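Written out below as structure tokens is the structure these notes cover.
The values are calculated or read from the model by the stated rules, or taken from the named source; none is laboratory data. All values reported here derive from a predicted model rather than from experimental measurement. Here Cβ is always computed from backbone atoms with ideal geometry, including for glycine, and neighbour counts include all displayed protein chains.
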Amino acid sequence: MAFNGEGAAIVIVEIEDLRKTYAGGFEALKGITLSIERGEILALLGPNGAGKTTLISTICGITMPGAGHVRVGGHDVVTNYRQARAMIGLVPQEINLEPFNKVIDTVTYTRGLFGKPRDPAKIEAILKQLSLWDKRNSRVMELSGGMKRRVLIAKALSHEPDVLFLDEPTAGVDVELRKDMWDIVAGLKAQGVTIILTTHYIEEAEAIADRVGVINGGELLLVEEKDALMARLGQKTLQVDLQEAVAAVPEALASYQLELVEGGAALRYTYDTRGESTGITRFLSDLSAAGLSLRDLQTQQSSLEDIFVGLVSEGAA
Amino acid sequence: MNWAAVWAMYYAEMTRFFRTIAQSFISPVISTSLYFVVFGAAIGSRIDQVEGVSYGAFIVPGLIMLSVMTQSLSNASFGIYFPKFIGTIYELLSAPVNFLEIVLGYVGAAATKALFIGVVILATAMLFVDVPIQHPGAMILFLVLTCLSFSLFGFIIGIWAGNFEQLQLIPLLVVTPLVFLGGSFYSISMLPPIWQKITLFNPVVYLISGFRWSFFGTADVPIGLSLLAIGGFTAVCLAAIWWIFKTGWRIRN
């Protein structure tokens, strides 16, 4: 395990070659290896059925791992499950709550279940943090969908976990509440909680994650610092449609990174928007000097979504 | 041991019970009174004594056993099936608890409820007839072990059941007939010889017989055999639950 200068472990969750095959033969996880650092927010992006929920469920003890190891805070989730699970809080994707329970009772119950002594002051602080204190004596079934999601988070936080898993926290949630949820996550990070969230929404990963992982078909296709990913997002392309198609990129334009597309009827020029100069003016004048006439121009910016779709379709191929 | 978790589960289950305390209390009192009206007064008045005990008193242990067994099964099976059904089982599976703690919490609560109902029925019966209890210690032991073992069995049914129909299947089709045919309302010595032998394959006979012995000092089968039967049943159920949590059968995909 990696340590920082003060002796505290940097890596809090270590996943090693984790595999899971369901009884029907479906291989949900095909050897995932991943290290998650203390205090970071990791967003796991992936389409439906990619293995995100299976990964979280296996770490948290809801499904049995087929092969491989997971350690949380250095504790193996199978052999030292008590210590490992005590460090984890889980917010499931579905709103799984007992409808007749009062908010305060269900949150208190979870704290007890995770072996922590009763602490009404702590429960009060959590409920206040999630704006649930006024609703503490309401029954779960009387709450709105957004409130129920907050109750799930309150339950997951009730035993003061070091690592919080949020499985699709904003699925089916309106824009305002989504923003609220992001604020809550940011607040938890400030308290030092490590957060792993799965999401369909790329803008969610962009907004709150420190690192982004892309998972598809049970494989982790990429894990990268969000900023490094964003640098790749800075790439832009300019497509020049020509009056007459060419067989090859003209010699005079060889110094540019050009791609011949649409059967020679267009040239694609890639440039970095964050650079001092994009080179567009010089490129267009050289294009004209080379005797090529333009019919049309179009620019396109790659997004995290493009990278994501590209990776997912490569993985599927 | 994670005692905080055991208490949290036990308390949550008992809270559900106390939310509906009126019906939990009234329903066994009414059904017991009905049994006394039908079996005790209407039919019992035409039956002399059974093994030296008035028929009204004779059926009390069987009546308690009938309710305690069915209540244990339904409380425990519903107790664990409900979180499976509404999805809150995720919390139990991801908590730092082992199978014994879950059993103590859930099965303990189911057995407590059944025990409460057993005591209510005994108290109601005592309003109608004079019920001697010759071996009070053995009576309590049998009652507690029956509540516990049938709650364990109910817990297994709750984990196995995939829907509400399956939840009712074994209690209705297997356990209730076995209890009725296990000598709840008669002594097996009243049966024709061939049926007396067949009845001995019914495990419930041993429980009812032992329980009745603790009241009247007479039994259909030796008391040691009764204790062995209930002890064995408890051990088998515990082993099955240990295996369920070890393998994740029906709960951990």
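Quick notes
- Evaluated against (1) more than 27 Å from the chain's Cα centre (by Cα); (2) more than 7 Å from chain B (Cβ to nearest Cβ); (3) under 22 Å from A:Met147 (Cα atoms), A:Val91 falls short on exactly one condition, (1).
- Filter result for B:Asn75 (more than 14 Å from chain A (Cβ to nearest Cβ) and modelled with pLDDT of 85 or more): yes
- Only one entry in A:Ala86, A:Ala121 is modelled with pLDDT of 95 or more and surrounded by fewer than 18 Cβ atoms within 10 Å (Cβ to Cβ), namely A:Ala121.
- Filter result for A:Thr110 (in contact (Cβ under 8 Å) with a residue 40 or more places away in the chain, in a helix (DSSP H, G or I), at the interface with chain B (Cβ under 7 Å from one of its Cβ atoms) and farther than 19 Å from B:Gly248 by Cβ): yes
- Extreme residue, farthest from the other protein chains (Cβ to nearest Cβ), among residues of segment A:74-88 that are in contact (Cβ under 8 Å) with a residue 40 or more places away in the chain and out of contact with any helix residue (DSSP H, G or I) (no Cβ under 7 Å at 6 or more places or on another chain): A:Gly74
- Residue within segment A:167-180 that is among the acidic types (Asp, Glu), crowded, with 17+ Cβ neighbours inside 10 Å, in contact with a Ser or Thr (Cβ under 7 Å, 6 or more places away or on another chain) and assigned to a helix (DSSP H, G or I) present: no
- Taking segment A:277-317 as the range and being at pLDDT 75 or above and part of a loop (DSSP other than H, G, I, E, B) as the test, the residues that pass are A:Ser277, A:Thr278, A:Gly279, A:Ala290, A:Gly291, A:Leu292, A:Ser293.
- Elements of type helices (runs of 4 or more DSSP H) contained in segment B:73-144, each with 3 or more residues being crowded, with 24+ Cβ neighbours inside 10 Å: B:108-128
- B:Arg46 vs. criteria more than 30 Å from B:Ala219 (Cα to Cα) and of a type in the set (D, E, K, R): no
- Scanning segment B:201-253 for residues that are free of Cβ contacts under 8 Å to residues at least 40 places away in the same chain, hydroxyl-bearing (Ser, Thr, Tyr) and away from chain A (no Cβ under 14 Å) gives B:Tyr206, B:Ser209.
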